[in-house]
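The values are calculated or read from the model by the stated rules, or taken from the named source; none is laboratory data. What you are looking at is a predicted structure, and each value in this text was computed from that prediction instead of being measured. Glycine also receives a Cβ, built like all others from the backbone with ideal geometry; neighbour counts cover every protein chain displayed. Please note that ligands, DNA and RNA were not included when accessible areas were found on the heavy atoms of the full protein model with its side chains. Shrake-Rupley method; radii C 1.70, N 1.55, O 1.52, S 1.80 Å.
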Amino acid sequence: MEKIVVVIIGAGPAGLATSACLNHFSIPNIVLEREDCCGSLWKKRSYDRMSLHIAKQFCELPHMPFPSNAPTFMPRIDFINYLDNYASQIGINPRFHRSVESASYDQNAKSWIIEVKNTALDKFEFFAAQFLVVATGENNEGLIPEVPGLDSFQGEYIHSSQYKNGNTFSGKDVLVVGCGNSGLEIAYDLSNSGAQTSIVSHRPVHILTKEIVLLGMLLLKVLPCKLVDYIVMLLSKQKLGDISHYGLKRQTMGPFYLKQTTGQSPTIDVGAIGKIKTGEIKVLPSVMRINGKEIDFQNGKTKQFDAIIFATGYRSTVRNWLQEGEDLFNDSGMPKRSSPGHWKGENGLYCAGFARNGLLGISIDAQNVAKDIKLALSQS
Ligand SMILES: Cc1cc2nc3c(=O)[nH]c(=O)nc-3n(C[C@H](O)[C@H](O)[C@H](O)COP(=O)(O)OP(=O)(O)OC[C@H]3O[C@@H](n4cnc5c(N)ncnc54)[C@H](O)[C@@H]3O)c2cc1C
Ligand SMILES: *[C@@H]1O[C@H](CO)[C@@H](O)[C@H](O)[C@H]1NC(C)=O
């Protein structure tokens, strides 16, 4: 059993940022990561054309700025390089191939006992830590909804996290399920690659551009949320037109109000709306059932497809391995309390990266967690 002050689980942006903030206070910590690299979500589970949707000034992690010549909306590869440099310059050496299988609190020893599978050596390892930081992400596992008849589908179906580019879909009929950020961008990418693309809109969304979101984020510093929402919705209507004309369900509550109260992000248009207007991308209502190659939709129509991409979101998997922490996480593995105050549990348990506020939320969590651990150590 290896003893350490802080164990951080996950070497994504949240785990790295927390480690950096602890290092800054000279608090010993280790990062356990099941994959063989930092930032695995960005390296292995995101599509080629992705870039940050949020402007760079809101995405920097603590203690290391982005290069001064970085573009406002950083391409995926630049962000990956930043994460790798972040770990090496700050001196974070995650233990890779370590999949956390269970963690529980030992009342007598007053420490967290963490059981880890070393997948490189195929053996178990044990760690004892005074503090445990969960940084395994809100986007841990791709979620595919239960669709009647999906098993019978004769084409290929994947989750958006497995989609890289449209190369293999050229000339095929492809259905993208979901109108969130991944769905809309993947539909655009598929259409550019020569796929006959349709997209299912099954829940109301706000569609904005990166620039409008940036303006909104800047205005939020000086204006009330209601007014910012009003301005942003007006601009988006001016820029993109009334999306409800094209079969997309429009959200009625303001986008920033919705983000703050429910965590739901507005969808960023990177060109798909233009293609929806020209009919290059078709909008369809919810899928009712699948039968071989045929898919039935809510409007009574049936259409054949060669492939389906489910851009239907993710789930947290904390509940699979964390034995305690009911005070911090609910049954879905998301924080029980809303932010702020969502990141601290009992007995030295913390989480970072669960504020549903992207990289900005991650930076704030990491700093809060490190400060709180520093305070707890100074009092003990
Ligand atoms: C497609 C996509 C685009 C996004 N774009 C933006 C954006 O433009 N701007 C923005 O601010 N935010 C964006 N986000 C949201 C958020 O910033 C990212 O998801 C970010 O990577 C989250 O960081 P994280 O460290 O919390 O989680 P992750 O990056 O998911 O890292 C968690 C790590 O924990 C590891 N792990 C999980 N379980 C275990 C276990 N049991 N044992 C060991 N290791 C484990 C995983 O392998 C992973 O490496 C995006 C999210 C997605 C999905
Ligand atoms: C857990 O919390 C999240 C975020 O607030 C919420 O969306 C989800 O429905 C909750 N799950 C349960 C089982 O309460």
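Quick notes on this structure:
- Annotation for region 82-105: at least one member residue is more than 9 Å from ligand 1 (Cβ to nearest atom), open to solvent by less than 50 Å² (accessible area, probe 1.4 Å) and among the polar types (S, T, N, Q).
- Near pairs, Cβ below 6 angstrom, 6+ apart or cross-chain, from region 355-368 (outside the structural domain of residue 39 (by TED's automatic domain parsing) and over 17 Å from residue 53 (Cα atoms)) to any residue that is open to solvent by 20 Å² or more (accessible area, probe 1.4 Å) and more than 15 Å from ligand 2 (Cβ to nearest atom): none
- Any hit, region 271-294, residues being under 30 Å from residue 55 (Cα atoms), in contact with a strand residue (DSSP E or B) (Cβ under 7 Å, 6 or more places away or on another chain) and within 16 Å of ligand 1 (Cβ to nearest atom): yes
- Beta carbons closer than 8 Å, at least 6 apart along the sequence or on distinct chains, never pair a first residue in region 320-337 that is outside the structural domain of residue 352 (by TED's automatic domain parsing) and over 11 Å from residue 354 (Cβ atoms) with a second that is surrounded by 22 or more Cβ atoms within 10 Å (Cβ to Cβ) and among the small types (Gly, Ala, Ser).
- Taking the criterion of being more than 16 Å from ligand 2 (Cβ to nearest atom), charged (D, E, K, R) and assigned to a loop (DSSP other than H, G, I, E, B), the residues of region 111-162 that qualify are 122, 146.
- Among residues of region 338-348 being at negative phi and in contact with a strand residue (DSSP E or B) (Cβ under 9 Å, 6 or more places away or on another chain), the one that is farthest from ligand 1 (Cβ to nearest atom) is 346.
- Residue count for region 357-373, restricted to those that are away from ligand 1 (no atom under 15 Å from the Cβ), buried (at least 18 other Cβ atoms within 10 Å of the Cβ) and of a type in the set (Asp, Glu): 0
- Candidate set from region 353-366 (those that are under 27 Å from residue 107 (Cα atoms) and over 13 Å from the mean Cα position of the chain (by Cα)); member that is nearest to ligand 2 (Cβ to nearest atom): 365
- Every listed requirement among (1) within 13 Å of ligand 1 (Cβ to nearest atom); (2) of a type in the set (A, V, I, L, M, F, W, C); (3) out of contact with any helix residue (DSSP H, G or I) (no Cβ under 8 Å at 6 or more places or on another chain) is met by residue 377 save one, (1).
- Residue among 149, 183, 137 that alone is of a type outside the set (Phe, Trp, Tyr), in contact with a helix residue (DSSP H, G or I) (Cβ under 8 Å, 6 or more places away or on another chain), open to solvent by 10 Å² or more (accessible area, probe 1.4 Å) and touching a residue at least 12 places away in the same chain (Cβ under 8 Å): 137
- The condition (being in contact with a strand residue (DSSP E or B) (Cβ under 6 Å, 6 or more places away or on another chain) and of a type in the set (A, V, I, L, M)) is satisfied by just one residue among 30, 54, 80: 30.
Quick grid of which residues meet (1) under 26 Å from residue 314 (Cα atoms); (2) at pLDDT below 95:
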residue: 175; (1), (2): yes, no
residue: 183; (1), (2): yes, no
residue: 186; (1), (2): yes, no
residue: 192; (1), (2): yes, no
residue: 201; (1), (2): yes, yes
residue: 204; (1), (2): yes, yes
residue: 228; (1), (2): no, no
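- Qualifying position, being within 15 Å of ligand 1 (Cβ to nearest atom) and under 22 Å from residue 83 (Cα atoms), among 354, 329: 354
- Where helices (runs of 4 or more DSSP H) fall entirely within region 1-107, those with at least 2 residues that are on the phi < 0 side of the Ramachandran plot and free of Cβ contacts under 8 Å to residues at least 12 places away in the same chain are at 76-90.
- Of the candidates 196, 260, 251, 238, the single residue that is within 16 Å of ligand 1 (Cβ to nearest atom) and of a type in the set (S, T, N, Q) is 260.
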